[in-house]
1. Which number in (1) touching a residue at least 60 places away in the same chain (Cβ under 8 Å); (2) surrounded by fewer than 23 Cβ atoms within 10 Å (Cβ to Cβ) marks the one condition that Glu293 misses?
2. I'd like to check something: does segment 89-109 contain any residue that is in contact with a helix residue (DSSP H, G or I) (Cβ under 7 Å, 6 or more places away or on another chain), within 22 Å of Ala233 (Cα to Cα) and of a type in the set (A, V, I, L, M, F, W, C)?
3. Kindly list, by first and then second residue, each pair from a residue in segment 155-182 that is over 13 Å from Ser132 (Cα atoms) and of a type in the set (A, V, I, L, M) to a residue that is at pLDDT 95 or above and not in a loop (DSSP other than H, G, I, E, B), limited to pairs with Cβ atoms under 8 Å and residues at least 6 apart or on different chains.
4. Arg262 - would you say it is closer than 19 Å to Ile288 by Cβ and basic (Lys, Arg)?
5. Can you pull out the residues in segment 203-249 that are without any contact (Cβ under 8 Å) to a residue 40 or more places away in the chain and more than 22 Å from Arg290 (Cα to Cα)?
6. Under 8 Å between Cβ atoms, which residue pairs at least 6 apart in sequence (or on different chains) link something in segment 43-63 that is over 17 Å from Gly91 (Cα atoms) with a partner that is part of a loop (DSSP other than H, G, I, E, B) and of a type in the set (Lys, Arg)?
7. Starting from residues that are surrounded by fewer than 18 Cβ atoms within 10 Å (Cβ to Cβ) and small (Gly, Ala, Ser), keep the ones in segment 253-280 and report whichever is nearest to the chain's Cα centre (by Cα).
8. Of the residues that make up segment 45-53, is at least one closer than 24 Å to Phe184 by Cβ, touching a Ser or Thr at 6+ places or on another chain (Cβ under 7 Å) and surrounded by 16 or more Cβ atoms within 10 Å (Cβ to Cβ)?
Amino acid sequence: MHHDRVPPEPIPIPEPIRGSTVLVTGGAGFVGSHIARALAGACTVRVVDDLSTGDRERVPPEVTFVEGDLRETGVVAPAADGVDYVFHQAGLVSVPESVRRPVESHERNVDATLAVLEAAREADARVVFASSAAVYGPPSSVPIAEDDPTDPTSPYGVDKLAADHYTRLYDDRYGVETVALRYFNVYGPGQRSGVINAFLDQVRAGEPLVVEGDGEQTRDFVHVHDVVRANLAAATTAATGRAYNVGTGESTRIDDLAATVRELAGGDAAIRHTEPRAGDLEQSCADIGRARETLGFEPTVPLEDGLADLLAVSAAEQ
């Protein structure tokens with residue numbers, strides 16, 4: 001099956017943001033670097049990243065880069081001084097890592113977020129926070145809406161829920177404009193983890209695609225291009241002090257994902273099933289009604305196009 005590569009359109013920068021000064025925490029990481037790149041031409045952009053998992057090469061040259069750890073006193077306040085918007089993307093993002101190192105996960109995800117919120121309070125800046133679907137834990141039903149029960153099952157999920165609450169508290173209690181965006185399964189160019197990345201690596205290496213469990217589990221895969229657009233919508237909405245799901249509203253079986261990757265790559269990789277991951281969710285899918293109605297958010301990149309794009313990029317690099 002031949003699939004022409006259709007790169008996503010350049011992201012339009014909303015008028016209120018143009019000419020502003022923005023801080024992107026974790027701006028050398030996956031989502032953060034995409035936000036920094038999107039804004040680099042239209043805004044004065046600063047990035048803070050400790051480079052524990054980020055890559056300095058991802059930060060555009062016209063962006064002011066500060067290497068620093070948000071947990072350390074005196075890092076975030078100077079970086080946030082005089083900024084209009086903070087896109088807080090930094091954190092420890094691995095669930096297994098959080099299980100291994102719960103104290104560090106708390107420091108990187110909760111303490112660091114509090115430091116960002118305090119700095120934003122000083123600077124009178126709006127904060128758009130990268131929350132996570134991990135706050136919900138195993139859903140009672142899908143799709144999952146923002147006011148569904150939250151019952152996280154990992155230190156990471158608990159930390160994100162605490163930080164998600166803190167962002168809303170700062171809006172209600174201290175008048176700091178905040179929006180929490182609960183990302184579902186983000187994928188796209190420059191990602192170094194996740195099932196899509198694993199499948200692409202396996203198919204490039206001519207290895208079987210390894211599906212953990214029976215492959216019946218579902219996920220809502222949202223392209224990083226759309227996640228950037230959600231962040232820009234959150235930066236300009238009047239409806240702050242709320243959480244919004246960021247996904248596509250469509251669920252994909254992991255077996256179907258593997259089959260699609262195989263087909264796009266030319267179709268002869270084996271698909272192998274292994275033991276399920278401990279604590280893995282069976283079903284996940286976002287109800288994006290609130291983001292659609294209030295933020296005007298609409299996902300634009302179909303999964304097959306996003307996958308074809310990633311395969312084309314990797315073919316070009318080889």
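1. Checking Glu293 against (1) touching a residue at least 60 places away in the same chain (Cβ under 8 Å); (2) surrounded by fewer than 23 Cβ atoms within 10 Å (Cβ to Cβ), the one that fails is (1).
2. yes
3. Every condition considered, the pairs that remain are Val176/Leu117; Val176/Ala120; Val176/Arg121; Val176/Arg126; Val176/Val127; Val176/Tyr170.
4. Answer is no for this residue.
5. Once the filter is applied, which keeps residues that are without any contact (Cβ under 8 Å) to a residue 40 or more places away in the chain and more than 22 Å from Arg290 (Cα to Cα), segment 203-249 yields only Ala205.
6. The qualifying pairs are Cys43/Arg18.
7. Among those residues, the one meeting the criterion is Gly279.
8. no
The values are calculated or read from the model by the stated rules, or taken from the named source; none is laboratory data. Fair warning: this is a prediction, and the values are worked out from it, not measured in the lab. Don't worry about glycine lacking a Cβ; one is built from the backbone with ideal geometry, like all the others, and counts go over all protein chains shown.
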